[in-house]
Every structure is written in structure tokens, then in C-alpha cells.
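Take a look at the structure below.
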Amino acid sequence: MSNRTFNLYCDESCHLENDHKQFMLLGYINVPYNQLQIHKEAIENIKIKHNFYSEIKWSKVSHSKFAFYQELTDYFFSTDLKFRAIIIDKHKVNNNGFDQDFDTFYYKMYYQLIYHKLDMSSTYNIFLDIKDTLSKWKVKKLREVLQYSYSSIRTLQNIRSHESIFMQLADFFTGALNYNLNEELVVTAKVDIIERIKNHSNHTLDCNTTKSASKFNLFFIELK
């Protein structure tokens, strides 16, 4: 594959209609295809340095693992890796007004996440985390929604998070945003990581970044 091929690893948080969380988040990590092995080895070395041998997950951020997650955050911001997320206020979802169900709305949001940042002169491999027994159907439906051209999107498939360190990284950053927006900020290690992300991104994490922001791009979608 060419130097203009990118892998997108997608994760979601609070994406269920009735989970009593205000904000739904969809996010991805963008990895240049020709740098996959470089970043994988670098992150594995950080894990070894900190005696961290489990799956990278936001839910596992704690005082005892803080040094690892701190260095992981610093590594991301020092590289060509990119993150993008869209954030949806579920209180403003009006499915009846658009004669749709929540599943249809969900796929429309994935379209917003992925399609508008695609460079049609590049090619993409897109991976979604397997969440449940419906994951295979979700990928089929997303193909239909995106109506993608194989000249742009080469692959769109499910993988399990333990199979990809980049899917785990997507979970980490999407989880951080979710914690900042939806949860009480009571875990010191998590609050400190969020502050580190704010400092690196030079952003408050509670509103849109500029549209042109490429390293850490946030879009709080305004529903009509």
C-alpha cells in the first residue's frame, strides 16, 4: 500500500439510546499505514518500561498506572498519529422529526465522523471494535450509509480490541472525552490525564476545535 494509505480505528462511548448519559461520542485513531509497525513497537516498549501487560483502556486509568498512561499520552502528541471525535447531545436527538429510529441516527453520526475528513486522493482501511453480536450487521449497514468507493476505502471491517493496540488507543481517548463530559471528575489520575490532553491539544475539550485542526479534532455536532 502507498504512503497515502491510512488505517482508522473507531470506538464509541455512551452510544446507547437509553443509557442515561447526555453525550454520545464516536472517535477514531488515524495511523499512516507505513508507520503501523513503528508505533506498535514504540507503544509496546512503553508498556514494557512500565510493567504494563494488560489491554489499554480508559477504564483502567488509576494512580498505580498513571505513569504509563501519562507517557502514552505524551507519545501520541509527539507523533503523526491523529484523533478525531464527534460528540452528540442525545437530549437534542429528534428521531420522530426525521421519521427515523435511533439505529438510523447512529449510522448517520458515523457518516459524519468518517466521511467528511476523507481525502479522496488517499486510501483508507477502517476498523470498528466488536462490541456485541450485532457488530457484523453494523459494518454491513455502515457500508451502505457511506456508499464508499473502493478507490478511497479499501477495507471496512470489525476487529476485537485486544487484537489492536490502536483500537485500544481509540478507547483511551474516546473514554477520556466521555469522562470529561459525562462523569463526575472524582478519580485524580483520570483528571490529571485529561488536563494533560488539554495542555497538549491547547483545547478545553468541551467545544469544537477549529475545523482545520488535524492532530486532535473535535466536532460537537449541532442537531437540527
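The values are calculated or read from the model by the stated rules, or taken from the named source; none is laboratory data. Worth saying up front: this structure is predicted, and the values here are computed from it rather than measured. Cβ atoms come from the backbone with ideal geometry, glycine included; neighbour counts cover every protein chain shown.
The set of residues from the stretch 71-93 being in a helix (DSSP H, G or I) and acidic (Asp, Glu) comprises 71, 74. Among the helices (runs of 4 or more DSSP H) lying completely within the stretch 117-224, list those that include at least 3 residues that are modelled with pLDDT under 95 and farther than 18 Å from residue 85 by Cα. Qualifying helices (runs of 4 or more DSSP H): 135-146.
Among residues of the stretch 49-67 being in a loop (DSSP other than H, G, I, E, B) and within 20 Å of the chain's Cα centre (by Cα), the one that is surrounded by the fewest Cβ atoms within 10 Å (Cβ to Cβ) is 54. For residue 46, the conditions (1) in a helix (DSSP H, G or I); (2) closer than 22 Å to residue 114 by Cβ all hold with the exception of (2). For the residues 185, 181, 177, 169, the requirement of being aliphatic (A, V, I, L, M) and over 16 Å from the mean Cα position of the chain (by Cα) singles out 185.
Rundown of residues vs (1) at pLDDT 95 or above; (2) out of contact with any strand residue (DSSP E or B) (no Cβ under 8 Å at 6 or more places or on another chain), yes/no style:
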{"site": "3", "(1), (2)": "no, no"}
{"site": "24", "(1), (2)": "no, no"}
{"site": "40", "(1), (2)": "yes, yes"}
{"site": "44", "(1), (2)": "yes, yes"}
{"site": "48", "(1), (2)": "yes, yes"}
{"site": "60", "(1), (2)": "yes, yes"}
{"site": "91", "(1), (2)": "no, yes"}
{"site": "106", "(1), (2)": "no, yes"}
{"site": "113", "(1), (2)": "no, no"}
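Number of residues in the stretch 65-82 that are within 12 Å of residue 192 (Cβ to Cβ) and of a type in the set (Phe, Trp, Tyr) equals 2.
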